[in-house]
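Below is one structure, written out as structure tokens; comments come after it.
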Amino acid sequence: MSDLLHLLWEPTLQTIAMVLVSALISGVIGTALGVLLVVTEEGGVLSAPWLCRVLNMLSNIGRSIPFIILMVAIIPFTRWVVGTSIGTTAAMVPLVVGAIPYVGRLVEGALRGVNRGVIEAILTMGATPWQVIRKAYLSEAVPALVRAFTVVTVTLVSYSAMAGTIGGGGLGDLAIRYGYQGFRLDIMVATVIVLIVMIQGIQFAGDLLARHFERTGRAGAIAMLQRQRWWTISPRTSSWVRWGTLALLVIGVGGTMFHVHSSSLHKPLRVGVNPIPHGEILREVMPILEQQGVHVQIVYFNDYIQPNLALAAGDIDANLFQHVPFMDRFNRDHGTNIIAIAKVHIEPLGLYPGRTRTLGALPDGAIIAIPNDPVNSGRGLLLLQSAGLIKLRTGTNTGTTLQDVSENPKHLKISELEAAQLPRSLRDVDAAVINTNYALAAKFNPLKDAMLLENSASPYANVLSTVPGKANDPRILALEGALQSSVARQFILKKYQGAVLPAF
Amino acid sequence: MPNDSRRRSAPDDRAASVLISPPAVLLENITKRYRQGSDWSNAITRINLSVSQGTIQGVIGFSGAGKTTLLRCISFLELPDEGRVLIDGTDLAQMNGEQLRSARRRLGVVFQQLHLLRSRTVAQNVALPLELAGYAPATINERVAELLTWFGLEAKADQYPSQLSGGQQQRVAIARALATRPAVLLSDEPTSALDPETTASVLELLRRVRDELGVTILLITHELSAVRAICDRVAVLDQGAIVEEGPVEDVLLRPATRTTQRLLGRGLGADRVADYLGEREVHAGSVFLELQFLGKNATSHVISALIRTFDVTLDILRADIGELNQSTYGFLLVELGGHSDTQERSIGFLEAHGAIVKRIDSWSQAQRDGRPE
């Protein structure tokens, strides 16, 4: 239980930080956008139809980009703003950018709900356009604006779940990593409960505030509290609320900036990993590194592309998740220059039973799933060839594709799937070639359960990678030493029971 | 330029100042067109109106007569296509920026739906025009307190509009419109949504605004009772044009146009007489008359004197007696029986005693016989 709370604590804080900061910043900018959409339209108090058309178009474009794509697409912008493209702070940037047009539209709707006559009345009193915006539009729309911001905040909570893609952490990432990919039902349920509590809280607070500002009668929870004299919001204290909100905003933004600034001062060694087993091995050797004064920050990735992109961009200093054939191919495809500096371990690729339990029982026309990334796909085919199930015209070369199958006596139907999906596909296939990290997460014991396993001499040892400029960084050298230490060896052998083997 | 001393002046002084001051509101030839599909139609056509300072000027018309368009042109929410609007001697169309905003404060507008700000308390609503004008908070508080006291709203200062009755909301709206000490108050249908008692108190309040604060009031309405109760002069609007304008007594007692007569609910001739007559027998040789009295000519005195003096019968079919701008007026529809000679002399007697007599000539026995049952 305490283990669960410990696991939940940091992601919860990360989610709160991401949502709070992005809600505040997108709230301010989005409100400005919403106001402009209303006042610049033809006949508005600051009529500028061309500007209105441009803003409308931008809002529509912004609204139509799926968040997950936006997050990756604006990586250069993110790096320009906060200095890095991964981590919780970096995740705030796409959250803000994605939320601005959304906030803008909701604010526009709220302001259009203000009686047109009130606007005309204040104009006849000799109001400047700015006074019309501040004293009529914004003040009169407060209840509607509060409701709009409630919706935005709730939406940001769900958007923040995708932050894991760029190492942003948070509850959504926890649920995906441990709950979905790691088959830890308890964590998934706990995460969902925390999210429900969070969203209920936001909605409750939003409704309470909106009803308070509606100024109709005295019904509602705040009025109830007022009657009991626990808490009073008079016009005087509402100016406190206003200044308090402003202070919160300043603290939020300032805190973020300070966080970004200070973290670049400390300069921890940032190492990108897949959570299992790479992350676990790295965590195990961190005390050794701390003793040497090397502070390591582990950045978790759930895919195989981002860790290398982040490394090439300088967002992380090293990564540990890949083998050399994959790295070579990545360098070729992306024009990067990532180098391997140390073999750490090998995770043998295995063929795991689905509808068919043994190799010999595989029927004619059996369906076999293999990973769909180019390297592991070829590696899977080589594994199948090693058991004589198929024959490849390229022999034992790496970089093999499905088109290279020259003999298939059992008429196997080989289908390629996203690596992380393979354990979940087992009900629907006869067998699947699964990377050990995903097999372990799915509670397989590779030594016992695999129908077929790569042997430990495989060229596919996982390596610590970095870029040439950092290869001689003493901290990287310290990392290399720690990963190839006896502590690491003992940990790997004991923890993984031979399913993962030291490769040094 | 107007100043406090003028605004605070007693009604008697005002009479003198009218002669030398420019009109508070001057509408010159204003025309406004609206597009309807591919056609343009005139919402108002060549409106000319001059409202002297200190006057309560009514503008009355049925709905669709162009009242709203007129209001929007006067309050400068829309520019007329032709002609110009001068408020207190200034043409807003010639101004822009801060000059325009400051000139707008010379005209207070009370809209039909009031348009109070829901998010502001009564005091904050009244303070709004002062805030917009950039007064210091201390000045604003002082002025707001003064206005709330004047309008009897001190106890409501910290309440929100949604917590007030219709009459109270109306008072808040008037107080707000007067916050910047405008020369002219434009009031749109001030009594349309109120019960009779509240209507009377709101109208009385408007009269006090004129009498005690010296503000010229332009009252746009479709309700005759409001015009009767407080207006000095009235303009009758029909199909976008002013068809009749003059002192209330003249226009309402001697309506010159059919529109005014329709507004008054009379002058519809024989059919109306038949309606009031009902199933009653008509005496042979009797005539029907419309009698109007005003002020000191107490109606009943004249009628009883007539009956004592001449050998005639007089049956009252309809009587409408009430207040018109603080003096009594009477309107009677009567059937006068007797010798035609005596009838003529009786009419002379009534006219000599200040009654306005109108013979309903179209009435005849033949028409009555032909009336469908």
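The values are calculated or read from the model by the stated rules, or taken from the named source; none is laboratory data. This one's a predicted model, so the numbers in the text were calculated from it and none came from an experiment. No Cβ is skipped: glycine too gets one built from the backbone with ideal geometry, and neighbour counts run over all protein chains shown. Just so you know, the surface numbers come from the protein's heavy atoms only, side chains and all, with ligands and any DNA or RNA stripped out. Shrake-Rupley method; radii C 1.70, N 1.55, O 1.52, S 1.80 Å.
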From (1) outside any strand (DSSP E or B); (2) open to solvent by less than 10 Å² (accessible area, probe 1.4 Å); (3) within 27 Å of A:GLY83 (Cβ to Cβ), pick out the condition that doesn't hold for A:ASN319. (1)
Filter region A:277-304 down to residues that are in contact (Cβ under 8 Å) with a residue 12 or more places away in the chain and open to solvent by 50 Å² or more (accessible area, probe 1.4 Å), then give me how many there are. 5
Report whether or not A:ILE122 is within 11 Å of chain B (Cβ to nearest Cβ) and surrounded by 22 or more Cβ atoms within 10 Å (Cβ to Cβ). yes
Determine whether A:ILE75 is open to solvent by 30 Å² or more (accessible area, probe 1.4 Å) and at pLDDT below 95. no
Quick check on region B:97-117: of everything there that is at positive phi and open to solvent by less than 30 Å² (accessible area, probe 1.4 Å), which residue is farthest from the other protein chains (Cβ to nearest Cβ)? B:LEU114
Tell me the residue from B:ALA93, B:ALA127, B:ALA123 that is part of a helix (DSSP H, G or I) and either without any contact (Cβ under 8 Å) to a residue 12 or more places away in the chain or surrounded by fewer than 21 Cβ atoms within 10 Å (Cβ to Cβ) (or both), please. B:ALA93
Any idea which of A:TRP130, A:TRP80 is out of contact with any Ser or Thr (no Cβ under 9 Å at 6 or more places or on another chain), within 14 Å of chain B (Cβ to nearest Cβ) and surrounded by fewer than 24 Cβ atoms within 10 Å (Cβ to Cβ)? A:TRP130
Out of B:ILE87, B:ILE74, B:ILE47, report the one residue that is away from chain A (no Cβ under 14 Å) and within 22 Å of B:THR221 (Cα to Cα). B:ILE47
Report whether or not A:MET125 is aliphatic (A, V, I, L, M) and in contact with a Pro (Cβ under 6 Å, 6 or more places away or on another chain). yes
Yes or no: region B:54-63 includes at least one residue that is within 14 Å of chain A (Cβ to nearest Cβ), outside any loop (DSSP other than H, G, I, E, B) and open to solvent by less than 40 Å² (accessible area, probe 1.4 Å). no
With in contact with a Leu (Cβ under 6 Å, 6 or more places away or on another chain) and either open to solvent by less than 40 Å² (accessible area, probe 1.4 Å) or more than 11 Å from chain B (Cβ to nearest Cβ) (or both) as the only criterion, which of A:ALA148, A:ALA205, A:ALA161 stands out? A:ALA148
Restricting to region B:32-44, count the residues that are surrounded by fewer than 18 Cβ atoms within 10 Å (Cβ to Cβ) and at pLDDT 85 or above. 2
Do you know which residues across region B:176-198 are within 13 Å of the chain's Cα centre (by Cα), modelled with pLDDT under 90 and open to solvent by 10 Å² or more (accessible area, probe 1.4 Å)? B:SER192
